[in-house]
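To keep things clear, I will list the structure first and then write my remarks on it.
Derivation of every value follows stated rules applied to the coordinates shown; laboratory data play no part. Quick caveat: nothing in here was measured; it's all calculated off a predicted structure. In this analysis, Cβ positions are derived from the backbone assuming ideal geometry, glycine residues included, and neighbour counts consider all displayed protein chains.
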Amino acid sequence: MRIATLPSAHPLHKRIRHCVRYDVKRHRSPLHNLAKIYHIDPNDMETIDPVRQLPTYQRPFTIHIADTREASLEDDRNNEAQLRIYTDGSGYKGHAGAAAILIKDGEPQSKLQYYLGPLSHNTTFEAEAVGVSLGLQLLMEAALPRATTLALDNQGVIQSTAITWISGHSGADGNELVDKAAKGAAQGTTSEWRRLPKYIRELGGRLPASVSALKQQHNAALKHRWGERWQKSPRYAKYEAFKEGHPFHNFRQATKDLTRRQYSLIVQLRTGHAPLNKHLHRLTVVDSPKCQHCPDDEETLRHFLYQCSNYRHARADMTAKLGRDAYAAVTTARYNTSILRRDLFGITFW
Ligand SMILES: [Zn+2]
């Protein structure tokens, strides 16, 4: 995807377009394969310049980001600039929209809205950036290069472009209005064509796709396919019993700082493949499934953890530490990882 965003001066710019256009049967290059796997269309993707600006570049405006939400709202109330412009970008119900509102002498004067497209194509961050450009467009319309401030609710955009941060969704008048307008834009409202900034008009009204949006979409699709394949896998039925849910986030979270030995014990306990006589007998490693301390009972996990009198002191430790959870650790042969891991390791069983 990175290759597809290279500017035209880059040696690979032409190559990737060529590979997307002509799908060859023989002597496919790695670029052919990548383009096919990722469904890349370089002509509908943003171009990222390797260099943003000269080291000597200086911003033509001043930037102010308040330290806290409250300070930003306070700043807004104390702002006596004749013209104030509020901008916002919104990712709303799966779609992205941007808006800017110009307030003159405390009264809303004009606004601009622009619908970017589905969030799978452009991100909220870009909507914010487009919002800023709409704001500047309003400023040009008003043609009043005097004391003017621009307020937006995304610090990230300010650091790369503009001017005052105002805490989002917090009841500042102009901010409220622009938030509504941006949501409207996300639902498809776009202002009059001729009033939009020139660069949007030149793009034919559709921004190129953002690489981060495409990556997110791609990853989501992969995860979905992963889940589908897992459901069809022969292993699915076995793991179903654990009630952890694919892709086992909780299990991995609960076990991530365990040693190898502890981890393998957990897996043994949960799969029932623990080195207890019942299981060892099934593997014909030992002659009898019986517990060596209790001639009447088979040495199952349940017997070992909860019944065998030989381990009663260790069990008392476990109950003291875990309370009722000690008995929830094994429920109808399903073992709860987070409970098992919490304290069993500190106990003399092991
Ligand atoms: Zn026993």
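Charges only on Cβ, +1 for Lys and Arg, -1 for Asp and Glu: so what's the dipole of the stretch 3-44 about the Cα centre, in debye to the nearest 20?
Numbers: 8 positive and 3 negative charges, 57 e Å.
Once rounded to the nearest 20, the dipole reads 280 debye.
A simple spin-label model places pseudo-atoms 7 Å from Cα toward Cβ; at ASP296 and LYS36 they are separated by 6.9 nm. Remark: for residue pairs LYS238/LYS278; LYS36/LYS256; LYS256/LYS321; LYS25/LYS223; LYS93/LYS256, the C-alpha separation exceeds 24 Å in LYS36/LYS256; LYS25/LYS223; LYS93/LYS256.
The alpha carbon gyration tensor of the stretch 3-44 gives principal lengths a ≥ b ≥ c with a/c of 1.5 or higher and a/b greater than b/c, which makes the shape prolate. Multiplying the residue separation of THR189 and ARG21 by 0.36 nm and subtracting their alpha-carbon distance yields 57.1 nm.
Here GLN231 and ARG2 are evaluated by their C-beta separation; at R0 = 25 Å the FRET efficiency comes out at 0.15.
Once both labels are positioned 7 Å from their Cα atoms along Cα-to-Cβ, the gap between TYR263 and GLN109 label points is 6.3 nm.
The slack in the chain from THR56 to ALA314, taken as 0.36 nm per residue of separation less the alpha-carbon distance, amounts to 85.8 nm.
Can you give me the distance in nm between label points at HIS273 and LYS223, each placed 7 Å from the Cα along the Cα-to-Cβ direction? Label at HIS273, label at LYS223, 2.9 nm between them. Using θ = phi - 60° in the Karplus curve 6.51 cos²θ - 1.76 cosθ + 1.60, the 3J(HN,Hα) couplings for the stretch 253-265 round to 4, 5, 10, 5, 9, 7, 6, 4, 5, 4, 4, 5, 4 Hz; x is entered for Gly and Pro.
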